[in-house]
């Protein structure tokens with residue numbers, strides 16, 4: 001585990017909270033453009049991606065509406081830490097907690113903020129249902145539930161997110177910086193991370 005990651009965990013607040021304004025805006029406008037939303041899709045970096053931060057990345061798009069887009073990179077693991085250390089660093093109760101947590105780089109925006117992407121059978125106040133199979137929760141309680149065996153069946157803990165201003169993602173899609181495909185829970189949670197981009201890219205129709 002790098003010193004930089006340790007510092008991000010220490011700097012995180014006592015509760016892991018998403019950017020409240022962004023998620024409030026996303027929810028309040030979601031019904032305005034239901035047919036245009038790409039929420040629940042993978043953004044798959046083009047082989048010609050010009051931004052080195054996103055080279056060979058796969059992003060789960062959590063929200064997409066007229067005011068912008070919000071997603072979590074799902075194939076950039078940064079290392080593992082004892083789950084007790086993660087909880088303790090975030091102000092949670094680590095008593096008797098065993099096991100490790102795999103930490104992911106979720107994107108370049110607000111790397112001190114944590115997000116748990118998880119299977120959709122689990123729900124708490126503030127949980128965002130992405131596509132009926134995958135959801136996202138950003139709270140200390142979800143980590144506490146995972147640590148005590150009461151959490152979702154499968155989960156991924158990421159720090160930071162990828163965000164786009166209004167029209168920005170659409171412009172990048174027109175330039176073919178990204179390709180889109182429906183999100184697949186198996187690629188989010190089960191496949192080896194080094195194979196996720198290749199397998200997601202292989203889903204594209206061959207004539208594109």
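Numbers below:
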{"item": "Cβ crowding within 10 Å averaged over residues, with 63-74, 125-136 ranked highest first", "result": "63-74, 125-136"}
{"item": "Most to least packed among 186-194, 53-61, 142-150 [average Cβ atoms within 10 Å]", "result": "53-61, 142-150, 186-194"}
{"item": "12 Å reach of a label modelled at residue 153, 7 Å along Cα-to-Cβ, counting backbone N of the range 166-208", "result": "185-186"}
{"item": "Distant alpha-carbon pairs in the range 42-90 (separation over 18 angstrom), percent", "result": "51"}
{"item": "Whole-Å semi-axes of the ellipsoid equivalent to the range 85-160 (Cα gyration tensor, √5λ, descending)", "result": "19, 16, 10"}
{"item": "Contour excess over end-to-end distance, with Cα ends at residue 46 and residue 203 and 0.36 nm allotted per residue", "result": "55.2 nm"}
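Values in this text are rule-based calculations from the coordinates and carry no lab data. Worth saying up front: this structure is predicted, and the values here are computed from it rather than measured. Here the Cβ is made from the backbone with ideal geometry for all residues, glycine too, and neighbour counts use every protein chain on show.
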